[in-house]
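Please treat every number below as a calculation from the coordinates, not as lab data. Treat the numbers as computed from the prediction; the structure is a model and nothing was measured. When we count neighbours, we look across all protein chains shown, and the Cβ atoms used for this are built from the backbone with ideal geometry, even at glycine.
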Amino acid sequence: MLRSGWQVLRRSLPQLVDEMAIAPEEIHQLVLSVAGVLNCHDVASRGVVGQQVFIEMHLIVSPSNVVEAHAVTEAVEALLHERYAPARIVIHVEPPEYHSDRLTYS
Ligand SMILES: [Zn+2]
């Protein structure tokens with residue numbers, strides 16, 4: 001009983017550990033603290049914090065013009081760099097109708 005439970009856990013652990021370098025909830029909370037950010041979803045991260053991480057997300061911002069939307073994106077990138085550098089960050093800016101509560105890719 002105990003043993004088979006452990007085997008199930010061991011089978012699922014590598015995926016749980018390897019998939020995300022940083023808890024998506026943590027990134028989500030950080031990103032939403034940036035002025036102009038309306039929504040952040042489909043967050044993914046890989047690598048090791050302090051060595052090299054890759055962060056990816058979908059972002060919806062309040063400004064609709066490209067210059068201002070870009071400025072919000074840069075503020076998000078700066079904050080993530082400050083917290084997790086060295087980091088490579090890819091942000092997909094989306095229109096408001098792509099708003100989603102899906103925190104990670106399923
Ligand atoms: Zn999206």
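Structure summary
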| read-out | value |
| --- | --- |
| 3J(HN,Hα) from dihedral phi, the range 86-96, Karplus parametrisation 6.51/-1.76/1.60, rounded to Hz, x for glycine, proline | x, 9, 9, 10, 10, 10, 9, 7, 10, x, x |
| Computed label-point distance, nm, for sites residue 81 and residue 32 using a 7 Å Cα→Cβ extension | 2.6 nm |
| Under 5 Å, built H, 5+ apart or other chain: amide partners of residue 93 | 59 |
| Charge sum, other residues only, whose C-beta stays under 14 Å from residue 39's C-beta, Lys/Arg counted +1 and Asp/Glu -1 | -3 |
| Residues 82, 97, 68 arranged by fewest to most Cβ contacts within 10 Å | 97, 82, 68 |
| Net charge over other residues, Cβ less than 15 angstrom from the Cβ of residue 94 (K, R count +1; D, E count -1) | -3 |
| Ranked list, fewest to most other Cβ atoms within 10 Å of each Cβ, for 45, 100, 64 | 64, 100, 45 |
| Simple label model, 7 Å out from Cα along Cβ direction - residue 103 to residue 90, nm | 2.2 nm |
| For the range 70-75, Karplus couplings with θ = phi - 60° (6.51, -1.76, 1.60), whole Hz, Gly/Pro x | 5, 4, 5, 4, 5, 5 |
| Local electrostatic count, residue 58, Cβ distance below 13 Å [Lys/Arg +1, Asp/Glu -1] | -4 |
| In order through the range 44-54: 3J(HN,Hα) via Karplus (6.51 cos²θ - 1.76 cosθ + 1.60), integer Hz, x for Gly, Pro | 9, 8, 9, x, 10, 4, x, 10, 6, 10, 10 |
| Principal semi-axes in Å for the range 19-98 [√(5λ), Cα gyration tensor, largest first] | 21, 13, 10 |
| For 27, 60, 89, order by how many other beta-carbon atoms lie within 10 Å, fewest first | 89, 60, 27 |
